[in-house]
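Heads up: the structure comes next, in structure tokens.
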Amino acid sequence: MRALLLAAILLGQGPRLYAAQSSAAQFLNLGFGARALGMGEAYTAVADDISCVYYNPAGLAAGPEGRELSFSHAFHIQDTAVSQVGFMRRPYAAAITYFSAGEMEGRDASAALTGNFTARDVAVQVSRGFKLGPLDAGISGKIISQKIKSSGATSFAGDFGLLYRFKGTPYSAGVSLVNFGTKVKFEEESFPLPMKFKAGVAAKMAAAHMLLALDAEFPNDGPAAVRFGAEYRGLDGIALRLGYRTTTSGQRDAILGRGFGDSVSGVAGMYGFFAGAGLVYSAFTLDYALLPYGELGTAHRFSVGMKF
């Protein structure tokens, strides 16, 4: 535990390197898979499936044997889309994330139309978990490619994580530092990656068929946030999930359109909340997550997984 606390202190210094700067490659903030998103992405101390490659690679160090393959797609806001595929055979894993911004209208300096153009982002990563005494540890390496019209940029990043599962108890604790790497340079200007330090705890209560998780995250380009997630598996083959992420009042007002003569209501107005469900049949899983984004709309994430 002393090693875990020391690592948390050291890793926590990382976001200060780029404090108060705008970051590029924002698609790296869109999560991985539908299960974790349905739980509000409070996943640092859970990390028990293929999603650990995104949230905490230390989850690769120990767990069930066998292989896991997952495909995820998000019908995201404003006609954007995110597709992901991951493969895990502990202690190794690999994943690809592809983000498409769709077609956008191009204009010159005088606002005259110049034709439509597209933008896309890709991240390819490999991960490995290993044991450090009582601790589970993990590391990932990423190649990140971005292209906007005719301009492109490539950067490199790493993720690092630690996980401690309290033997004989349902509790676990973890820390991770994600997207620590080189800057993204478009033309003559460079921007840092969206680096985050995260710390979390989780409790998997088998008797109550309940998983509870709590995360605190500290990004380099925004305010700190707290995430809460819950998963209930008391129904045969069915999982129900809820999550919540804290936001500042300014963020919430901007997303919900407050102060502009109109305000979003209904599901889209529940910005900060997450919901999801999952179905398990034999070796197959099907998961869904709902993500409200206020005036921008509502995102839907689907995942299909197979264990073999």
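Close amide-amide hydrogen proximity is noted between R67 and F308, each under 5 Å apart and 5 or more residues distant or on a separate chain (H modeled in the peptide plane; Pro and chain starts excluded).
Modelled spin-label separation between E65 and R128, with each label point placed 7 Å from Cα along the Cα-to-Cβ direction: 2.1 nm. If you run the Gaussian network model on the chain, springs between alpha carbon atoms under 10 Å, then out of G161, G115, G38 the most flexible one is G115.
Normalised by 2.2 N^0.38 Å, where N is the number of residues, the alpha-carbon radius of gyration of the chain equals 1.00. In order along the stretch 87-96, the phi-based Karplus estimate (6.51 cos²θ - 1.76 cosθ + 1.60, θ = phi - 60°) of 3J(HN,Hα) comes to 10, 9, 9, 3, x, 10, 7, 9, 8, 10 Hz; Gly and Pro are listed as x. Taking the C-alpha atoms only, the angle from helix 2-11 to the longest principal axis of the chain is near 0 degrees.
The HN-Hα couplings worked out from phi for the stretch 187-193 by the Karplus form 6.51 cos²θ - 1.76 cosθ + 1.60 (θ = phi - 60°) are 6, 10, 10, 10, 9, x, 6 Hz, whole numbers, x standing for Gly and Pro. Taking the alpha-carbon distance from K147 and a cut-off under 18 Å, which aspartates and glutamates remain once sequence neighbours fewer than 8 residues away in the same chain are dropped? Straight-line reach from K147, under 18 Å: D79, E103, E105, D121, E187, E188, E189. For L113 and R258, the difference between the fully extended length at 0.36 nm per residue and the C-alpha to C-alpha distance is 49.1 nm. Electrostatic bookkeeping for A61 treats Lys and Arg as +1 and Asp and Glu as -1; over the other residues with beta carbon under 12 Å from its beta carbon, the sum is +2. Taking a point 7 angstrom from the Cα of S282 along the C-beta vector, which residues in the stretch 53-88 have backbone N less than 16 Å away? Backbone N within reach: 69.
Available extension along the chain between F75 and S190 is 38.4 nm, counting 0.36 nm per residue and deducting the alpha carbon span. Counting every pair of alpha carbons in the stretch 208-308, the share spaced more than 24 Å apart comes to 36 percent.
GNM on the chain, alpha-carbon springs under 10 angstrom: the most fluctuating residue among G294, G138, G63 is G63. Given the pairs K131/K198; K131/K185; K149/K183, which are separated by over 27 angstrom at their Cα positions? Violating the 27 Å limit, Cα to Cα: K131/K185.
Our summary gives the stretch 146-285 a relative contact order of 14 percent, counting only alpha carbon pairs under 8 angstrom and 6 or more residues apart.
Local charge for Q78 was computed over the other residues whose Cβ lies under 12 Å away, with Lys and Arg +1 and Asp and Glu -1, and equals -3. For the peptides 166-172, 251-257, 128-134, residues were scored by their other Cβ atoms within 10 Å and the scores averaged per peptide; the highest-first order is 251-257, 128-134, 166-172. Phi-derived couplings, Karplus 6.51 cos²θ - 1.76 cosθ + 1.60 at θ = phi - 60°, listed residue by residue for the stretch 112-129: 7, 5, 10, x, 7, 9, 10, 9, 8, 10, 9, 10, 10, 9, 10, 9, 8, x Hz, with x used for Gly and Pro.
Given the Cα-Cα distance of H300 and I96 and 0.36 nm per residue of separation, how much length would full extension add, in nm?
71.5 nm
Among residues other than G174 with Cβ under 10 Å from its Cβ, the summed charge is 0 (Lys and Arg +1, Asp and Glu -1).
The numbers here are math on the coordinates, done by the rules we state, and not lab data. What you see is a predicted model, and the numbers here were worked out from it, not measured in a lab. Note that we place each Cβ from the backbone using ideal geometry, even for glycine, and neighbour counts take in every protein chain shown.
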